[in-house]
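Here is the structure we will look at, set down as structure tokens.
The values are calculated or read from the model by the stated rules, or taken from the named source; none is laboratory data. Being a predicted model, the structure only gives us computed values, none of them experimental. Methodologically, a virtual Cβ is constructed for each residue, glycine included, from the backbone with ideal geometry; neighbour enumeration extends over all protein chains shown.
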Amino acid sequence: MGMCAMTFCCPPMCIASTIATSIPTCCAPRIALHPAWLVVAVVALVIGLGVYIDMTIKCTELTGRSLGWAPLEGTGVWVNGSLYDWNMNSSEPFSEPPELWLPPPGQGHDGEVLVNFTKRDLGFLEPQAWSPFPTAYSGKSCYSTQNGNYFGQGLIAAIFLSIGASLLSVSAVALLLKKTTGECCGRPFEFELIPAAIPQETFVVGAVVEQRDPDKA
């Protein structure tokens with residue numbers, strides 16, 4: 001179910017994270033271009049990618065499975081299933097009854113079971129090729145809602161990927177606005193410095209008070 005969590009949780013998480021990170025950016029546009037903001041975004045993205053890639057490898061391994069076993073042809077005895085003694089040869093209280101084989105429909109042994117047969121190993125199904133796309137595991141245990149394989153890992157990957165992607169997306173938009181309009185949500189990225197007024201000096205000559213501009217003195 002880990003891949004299922006990635007497919008259906010990551011997009012809404014990305015949208016929610018982008019909206020949440022856009023709010024402080026409108027109040028102070030420069031924070032989206034601050035080095036700390038970018039470091040957090042990259043770290044979250046790297047963690048999310050690492051967790052996700054690790055999950056894809058594990059889910060690929062799960063696509064390979066044992067095909068089980070079947071009775072070896074020509075071995076065993078067919079008996080009436082309704083009359084079969086399920087406790088046959090069970091001399092001890094906790095011993096298991098002998099193994100039996102229920103025939104597939106259409107084989108002409110309806111209502112019968114096969115006992116005293118020799119098992120034949122059907123082999124192993126090779127894993128599918130590795131893929132970075134979650135939909136490639138559709139129909140497998142990692143994508144099935146009836147199986148909880150790596151659900152927590154898929155959720156963690158979705159959270160970190162959505163955080164990293166949203167932070168970087170907001171930074172990219174902020175950088176574009178800075179180079180084009182110079183402001184975001186009506187607030188400038190850079191504040192203009194207004195030079196302070198130069199005070200004038202006062203000189204007292206006799207009874208006359210004279211003010212002189214220092215630049216003209």
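Could you please let me know if Cys59 is crowded, with 18+ Cβ neighbours inside 10 Å and either touching a helix residue (DSSP H, G or I) at 6+ places or on another chain (Cβ under 8 Å) or of a type outside the set (Lys, Arg) (or both)? Explain how you work it out, then say what you get.
Details: crowded, with 18+ Cβ neighbours inside 10 Å: yes; either touching a helix residue (DSSP H, G or I) at 6+ places or on another chain (Cβ under 8 Å) or of a type outside the set (Lys, Arg) (or both): yes.
Yes: the conditions hold for Cys59.
Looking at (1) of a type in the set (Ser, Thr, Tyr); (2) assigned to a helix (DSSP H, G or I); (3) at pLDDT below 55, which one does Thr202 not meet, given that it meets all the others?
Of the numbered conditions (1) of a type in the set (Ser, Thr, Tyr); (2) assigned to a helix (DSSP H, G or I); (3) at pLDDT below 55, the odd one out for Thr202 is (2).
Could you say which residue among Leu167, Leu102, Leu177 is farther than 29 Å from Cys9 by Cβ, surrounded by 13 or more Cβ atoms within 10 Å (Cβ to Cβ) and not hydroxyl-bearing (Ser, Thr, Tyr)? Break it down stepwise before answering.
On the way: Leu167 fails: farther than 29 Å from Cys9 by Cβ; Leu102 fails: surrounded by 13 or more Cβ atoms within 10 Å (Cβ to Cβ).
Unique residue meeting the criteria: Leu177.
Cβ-Cβ distance below 6 Å, separation of 6 or more or different chains: which pairs start in region 1-20 with a residue that is touching a residue at least 60 places away in the same chain (Cβ under 8 Å) and farther than 22 Å from Gln146 by Cα and end on one that is surrounded by 19 or more Cβ atoms within 10 Å (Cβ to Cβ) and of a type in the set (A, V, I, L, M, F, W, C)?
Final answer for the pair search is Met13/Ala158; Cys14/Ala165; Ser17/Ile163.
Just to be sure I understand the filter: pairs with C-beta atoms under 7 Å, separated by 6 or more residues or on different chains, first member in region 131-154 and assigned by TED's automatic domain parsing to the domain that holds Gly48 and within 12 Å of Lys58 (Cβ to Cβ), second member of a type in the set (Phe, Trp, Tyr) and part of a loop (DSSP other than H, G, I, E, B). Which pairs pass?
Filtered contacts from region 131-154: Tyr137/Tyr143; Cys142/Tyr150.
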